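Reading through the structure tokens given below for one structure.
The values are calculated or read from the model by the stated rules, or taken from the named source; none is laboratory data. None of these values were measured; they are calculated from a predicted model. Positions of Cβ are backbone-derived with ideal geometry, glycine not excepted, and every protein chain shown enters the neighbour counts. Please note that ligands, DNA and RNA were not included when accessible areas were found on the heavy atoms of the full protein model with its side chains. Shrake-Rupley method; radii C 1.70, N 1.55, O 1.52, S 1.80 Å.
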Amino acid sequence: MDYAATGQEALSRIAEASDLETLEALRVEFLGKQGSISGLLKTLGKLDPEERKVEGPKIHSLRENVSDALTSRKDVLETAVLNARLAAETIDLSLPAPEAPRGTVHPISQVMDEIAEIFADLGFSVATGPEIEDDWHNFTALNMPESHPARAMHDTFYFPDRDAKNREMLLRTHTSPVQMRTMLAQGAPLRIIAPGRVYRSDSDATHTPMFHQVEGLVIDKDVHLGHLKWTLETFLKAFFEREDIVLRLRPSYFPFTEPSVEADIGFTLIDGKRVIGGDPSKGEGGWMEVLGSGMVNRRVIEFAGLDPDEWQGFAFGIGIDRLAMLKYGMDDLRAFFDGDVRWLSHYGFSALDVPTLSGGVGTPA
Ligand code: DAH
């Protein structure tokens, strides 16, 4: 049989298809399950082997020609659609600017600025470190040797290759490596905070693979747990702008601090909503964990090349996202990173709303 006419007709109809829907209808008509060319292919099974040898290649090449024509016509039509869209969406840059500026400062950025402002007032400076870290700074020097079980708890993202010093490379799982970097670079005494992004392979309503922490580190002489507690209390009162913040320190364990404590703050229930402040032991409410902290482990001070008999200190690590949610009443962590303009314009801050202690660090825009 000769399929030239069938092929001719199919190709000319494809060439004439003026939009993607028409083209898709043609694809179904020729090559779909019930399509005419698919039908021809099915007849091959019923032919005897000699006939099949003759007919088979013809039908297959018909199918191939039609399929190629469909693909190239599709490319042409898609390009046309894209060009039309690009032409329609041109922005006239000579138009006047919108009356109200649209951008807002992300609540995380705002909260980081608030935290920096409060700690600056207490004599802390801001330190930074790389987000792509090596396992020595992220783990080993923080008293987590290779076999340490705490390493497994961090759900670390590792890179396939090691660095020039043959150290494993990873995305930092916490801001604590900045402690070590700063001690090594600046020695003691020291008073720093280190806000920034951290990464863990974890994702649900309360965990995102990237989140934010702020690390705090004080290294000096004769530093004790009382200094830590005062600093945390002073910070939290300033941050939440309430005098009635009640702090509860619970014994805990972190390899890089000894002793280690976790801090909870009290909340009360008002109309069923959690409001930070008040003493839960005196009424309705409860405790919310907000940070980990402790006295810097002697071994960490040694790793930093300092003499632990001369220098002591305390450290803390706070989850920024959680703190922002508590302060500004957001309930889904994932919304922070969706980039939804409506959410951002609702929860975002004006660029002019620079947090200052005198102006109130927490005054919403
Ligand atoms: N790095 C810890 C974490 O991510 C938090 C932390 C706990 C930091 C205690 C500290 C600290 O500096 O002293 O879970």
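Data for the structure
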{"read-out": "Projected-area average for the stretch 291-330 over all orientations - Cα convex hull basis, square nanometres", "value": "3.3 nm²"}
{"read-out": "Spacing of the two label points (7 Å from each Cα toward its C-beta) at GLU243 and ARG342, in nm", "value": "4.2 nm"}
{"read-out": "Anchor LYS273: lysines whose Cα lies under 30 Å away (excluding residues fewer than 8 positions away in-chain)", "value": "LYS229, LYS237, LYS282, LYS327"}
{"read-out": "Nearby aspartates and glutamates by direct alpha-carbon distance to LYS221 (threshold 14 angstrom, same-chain neighbours under 8 apart not counted)", "value": "ASP307, ASP309, GLU310"}
{"read-out": "Column: log10 I(q)/I(0), Debye, Cα scatterers of the stretch 3-88, q = 0.16, 0.25 Å⁻¹", "value": "-0.65, -1.18"}
{"read-out": "The chain - convex hull of the alpha-carbon atoms, volume per residue in Å³", "value": "276 Å³"}
{"read-out": "Extension gain from ASP121 to THR71, taking 0.36 nm per residue of separation minus the Cα-Cα distance", "value": "11.4 nm"}
{"read-out": "Accessible solvent surface per residue of the stretch 1-139, calculated while the other protein chains remain in place, 1.4 angstrom probe, Å²", "value": "64 Å²"}
{"read-out": "Packing rank of 199-212, 107-120, 147-160, where each peptide gets the mean count of other beta carbons within 10 Å, highest leading", "value": "107-120, 199-212, 147-160"}
{"read-out": "Paired Rg and Dmax values of the stretch 231-365, which use every Cα atom, in angstrom", "value": "18.0, 55"}
{"read-out": "Solvent-accessible area, 1.4 Å probe, carbon plus sulfur percent, for the chain", "value": "54 percent"}
{"read-out": "Normalised alpha carbon radius of gyration of the stretch 185-256 [divisor 2.2 N^0.38 Å]", "value": "1.38"}
{"read-out": "Candidate lysines - alpha carbon under 18 Å from LYS42, same-chain residues fewer than 8 apart omitted", "value": "LYS33, LYS53, LYS58"}
{"read-out": "FRET efficiency for VAL28 and SER61, using Cβ-Cβ distance with R0 set to 22 Å, rounded to 0.05", "value": "0.60"}
{"read-out": "Alpha-carbon radius of gyration plus Dmax, which is the widest Cα pair, for the stretch 75-212 in Å", "value": "22.3, 68"}
{"read-out": "For the stretch 129-274, projected area of the alpha-carbon convex hull averaged over all directions, nm²", "value": "10.9 nm²"}
{"read-out": "Rounded accessible area of LEU26 (nearest 10 Å², 1.4 Å probe)", "value": "10 Å²"}
{"read-out": "Principal axis box of the stretch 69-112, alpha-carbon based, largest edge first, Å", "value": "57, 30, 10"}
